[in-house]
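Read the structure below first, then the notes.
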Amino acid sequence: MWWDERVSARFRRNLQPTLTYWSVFFSFGLCIAFLGPTLLDLRCQTQSSLSQITWVFFSQQFCLLLGSCLGGVFKRTLAQSLFALFASSLAISLVFAIIPLCHNVVVLAVVMAVAGLAMGCIDTISNMQLVKIYQKDSAIFLQALHFFVGFGALLSPLIADPFLSDTNCILSNSTANASSNLPHIRKSLVPHHPGNLSHYDLPMKGMVVTRVSYAFWIMALINLPVPIAVFFLLYKERMVPCFNNSSHPLLSADELAMEARPAEKDDLSTAVQRPRAAGGHDDLFSCCQSKNFRGASYTYFAVHITGALVLFMTDGIVGEYSGFVYSYAVEEPLSVVHKVAGYLPSLFWGFITLGRLISIPVSYRMKPATMVFINVVGVLITFLLLLIFSYSVVFLFVGTAALGLFLSSTFPSMLAYTEDILQYKGCATTVLVTGAGIGEMVLQLLVGSIIHDQGSYSFLVCGMIFGGLAFTFYAFLLFFHRMYPKPSSDTDDASPDKPAVMDDTGQYQR
């Protein structure tokens, strides 16, 4: 294997929980990408207007952000984390099964809000649990985790595509006229920007003809093994109430070898049983309690803030670029035909997924700080070249692919880097996940408004500005890293600056 034996042994000891967290993130990806291509068929199913149905985007994304903020509530113990993941992954399967039964847009928005809450919990819990298990070795496993969300995001549109309506799915007298706009409308659907399609007039009354229900039922079946996998992990950890009296499993050879180190084992047990130190991993609201700031240096706050701002910008770029690149391509001066421009969002997400796959081995050989530096510089240079060659259709495709590659590993690398700076005792995971979610919402709304007022060229200008801000905030993060106090043995236990006791044995602690 291309990693060393220590990391390999830790992975083998935590194989089942690691694979479970990866599979749960596949559910996240499956749920996050289906709404765009299926939204016109869902509009027909609910017999609503375009402006009404696109608010479903907002309900999902807003509750995803809310779930990310509240997800830390369920991470106080391993049992709470696993039960929350089980409920969330099961909720996603149920949502897929229920969506075909939603014939009212308000009911659909409520169902998608439930899906958003489940996705937010999955996002925060899975990231934090992997960081908790692997700590300084977490970068490679976080890269793999985010590959699975990209894989799920690629798979769900492919499943939905054969069942999408080729013509308007509400048959009425105006169907023929409305159907000519259908390909452009489908590619122009932008999450979190519900007003961008109000000028299109599609029929709201008539006979509904759509087969999109089959796509959702297929995705529900594909996702069903995920909550089953979480249930098996609960069973293995003897956390299922009916089976919690089962005998303890025999120790593996690796674990028996660890028993030969009693001093280290005693230290570890003491550390695990010690009450939670202030400033440890928690939900966003607990992180903001004043007791967690007692004795913290200003760099403690600065690392959290600058790390979140970097992801605010980079995840915001992901959202606004994937949402508006099609609309930018079909407008002047490029005037790309609709069918060709439709490949741009798929190309972007495809290279994000490819980049995450490539980053798995790369992250073992390269430090997270170096990877983030390459990412933000690459994003900045790509937008600069896109501006210079703004009249080139070929370079738009090349730049879209390059941008996907550079953005692909930014989140897991930044998470691993920031957690390492804080010695796994800050609220970095919760703050960074929340900052990324807010950025994806806010920047897409902002860019949508700017494009509406200033024209399509402002799309690239905004990307250049956001890329420059991401680089600036990362430079500040490097500065605060140098200023951050090094861990010392006499640091007070309650201080957020105290390093976490590292679990060198790699044991999956409850």
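Taking all protein chains into account, the per residue accessible area for the range 323-372 stands at 46 Å² (1.4 Å probe). Loop-located chymotrypsin sites (Phe, Trp or Tyr not before Pro) in the range 365-411 (DSSP state other than H, G, I, E, B) with a sparse environment of at most 11 neighbouring Cβ atoms within 10 Å: Tyr391. Largest first, the residues Trp22, Trp349, Trp217 sort by 1.4 Å accessible area into Trp217, Trp349, Trp22.
Ordered by solvent-accessible area of protein heavy atoms (1.4 Å probe), largest first, the residues Leu130, Leu164, Leu469 come out as Leu469, Leu164, Leu130. A probe of 1.4 angstrom, applied to the heavy atoms of all protein chains, finds Phe301 with accessible area near 70 square angstrom.
Summary value for the range 297-486: 44 percent relative contact order, contacts being C-alpha pairs under 8 angstrom separated by 6+ residues. Among Tyr235, Tyr298, the sequence by solvent-accessible area, most first, with a 1.4 Å probe is Tyr298, Tyr235.
The values are calculated or read from the model by the stated rules, or taken from the named source; none is laboratory data. What you see is a predicted model; the values in this text were computed from it and never measured. Positions of Cβ are backbone-derived with ideal geometry, glycine not excepted, and every protein chain shown enters the neighbour counts. In case anyone asks, the SASA skips ligands and DNA or RNA and just uses the protein heavy atoms, side chains included. Shrake-Rupley method; radii C 1.70, N 1.55, O 1.52, S 1.80 Å.
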